[in-house]
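First up is the structure itself, then whatever we jot down about it.
The values are calculated or read from the model by the stated rules, or taken from the named source; none is laboratory data. Here the structure is a predicted model, which means the values were calculated and not measured. FYI the Cβ positions are ideal-geometry reconstructions off the backbone, even for glycines, and counts take in every protein chain you see.
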Amino acid sequence: MAFITDATRKVVIDHAVATLGRAPSAAELAAITKLLNNNASLADVADYLTSSDGYLAKYPLGQTAKEVAADILDAAIVGGVLAADIRLAAIDLIAGGLTAGTYTIASATNAVVAYLSDTSNNDNADLGDIAKAFQNRTAAAEEFTTTFTLEGATVTEADLAAAVEGVTSDAATLTAAKAAFAAGSKSIAEQAAVDKAAADAAKNDPKAYADGFNRGKAGVEATDAANRAAVAPAPEAQRPLPLDPQPTGQTQSGTFMDDTDVEDDF
């Protein structure tokens, strides 16, 4: 039996999310595991995915280099915020590499995945948000894969796509996705529908509704009490001395699209 490490599987999932916009299927995982056990490289994995029926259905042949570059970038940055001028500059960079032959579709995809999956880029002023979104979406896809796909659950292609829908650069969305999977739902939206149905049912049950209201009221009162305690003035002798104003910090500017070293980012 062929095995795959957690780290390698994570990279495979990263590429599936970047190219297909969803978690990988069981068949794709099996095929890629076979490739890797036959000493294939990650470039081979990217080539396999970008030549798959699923990829070509979304991004057909016959496109210009700029259109292909836009597909590569836009598929990977879902859920993040990227300024229009930075997006266009990145597309031009990728398209230039494709035209010159320094990039193939597979190697350009690898470069985008490598950049966005690197947590050291999360603080980049221009590209940090799309990096965090990509990492959250791939983490959700990995959680879905281990919770459902690898456990033999029936999973459709729509389920694979829904697994990462609603996951953005906001960490709370990844938390919501993981909670949904743990509860047996295959997406944030499915769990929201389950929760709404339960809430609606409770409203139609006077006792359940009253119990829920009382629990909610008790929670609000406890929170109010905690907040009051938190803002209550300290005894005079224990009050800290006021601090001197600190200079305003400067945000790190992104170098991804700097003409002098832009190629270092991909």
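Observations on the model:
- Residue match in the stretch 4-13 (condition: over 20 Å from residue 160 (Cβ atoms), at pLDDT below 90 and not in a loop (DSSP other than H, G, I, E, B)): yes
- Neighbours by Cβ (under 8 Å, 6+ apart or cross-chain): first from the stretch 29-47, not assigned by TED's automatic domain parsing to the domain that holds residue 141 and surrounded by fewer than 17 Cβ atoms within 10 Å (Cβ to Cβ); second charged (D, E, K, R) and not in a helix (DSSP H, G or I): none
- Taking the criterion of being acidic (Asp, Glu) and more than 22 Å from residue 110 (Cβ to Cβ), the residues of the stretch 134-175 that qualify are 143, 151, 157, 159, 165, 170.
To keep it simple, each residue is scored yes or no on (1) under 20 Å from the mean Cα position of the chain (by Cα); (2) of a type in the set (Lys, Arg); (3) under 26 Å from residue 142 (Cα atoms); (4) in a helix (DSSP H, G or I).
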site	(1), (2), (3), (4)
40	no, no, yes, no
56	no, no, yes, yes
62	no, no, no, no
73	yes, no, yes, yes
93	no, no, no, yes
99	no, no, no, yes
112	yes, no, yes, yes
115	yes, no, yes, yes
120	yes, no, yes, yes
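- Screening residue 71 against (1) within 24 Å of residue 186 (Cβ to Cβ); (2) among the acidic types (Asp, Glu); (3) crowded, with 19+ Cβ neighbours inside 10 Å leaves a single unmet condition, (1).
- Residues satisfying the stated conditions in the stretch 147-183, i.e. of a type in the set (S, T, N, Q), within 26 Å of residue 58 (Cα to Cα) and surrounded by fewer than 17 Cβ atoms within 10 Å (Cβ to Cβ): 154, 156
- Of 79, 97, 62, all but one fail to be over 26 Å from residue 162 (Cβ atoms), touching a residue at least 60 places away in the same chain (Cβ under 8 Å) and not polar (S, T, N, Q); the exception is 97.
- Close pairs (8 angstrom Cβ cut-off, 6 or more residues apart or separate chains): in a helix (DSSP H, G or I) in the stretch 193-207, modelled with pLDDT of 80 or more and not acidic (Asp, Glu) anywhere: 194/183; 194/185
- Looking across 80, 96, 54, one residue alone is farther than 20 Å from residue 15 by Cβ and either surrounded by 15 or more Cβ atoms within 10 Å (Cβ to Cβ) or not aliphatic (A, V, I, L, M) (or both). It is 96.
- Flag for residue 22 being at pLDDT 95 or above, not in a helix (DSSP H, G or I) and not aliphatic (A, V, I, L, M): yes
- Hits in the stretch 83-93 - residues which are buried (at least 17 other Cβ atoms within 10 Å of the Cβ) and either touching a Lys or Arg at 6+ places or on another chain (Cβ under 9 Å) or of a type in the set (Ser, Thr, Tyr) (or both): 91
- If you go through the stretch 161-179 and keep only what is in a helix (DSSP H, G or I) and either farther than 13 Å from residue 143 by Cα or touching a residue at least 12 places away in the same chain (Cβ under 8 Å) (or both), you end up with 161, 162, 171, 172, 173, 174, 176, 177, 178, 179.
- Residue 125 vs. criteria touching a residue at least 24 places away in the same chain (Cβ under 8 Å), surrounded by fewer than 21 Cβ atoms within 10 Å (Cβ to Cβ), aliphatic (A, V, I, L, M) and not in a helix (DSSP H, G or I): yes
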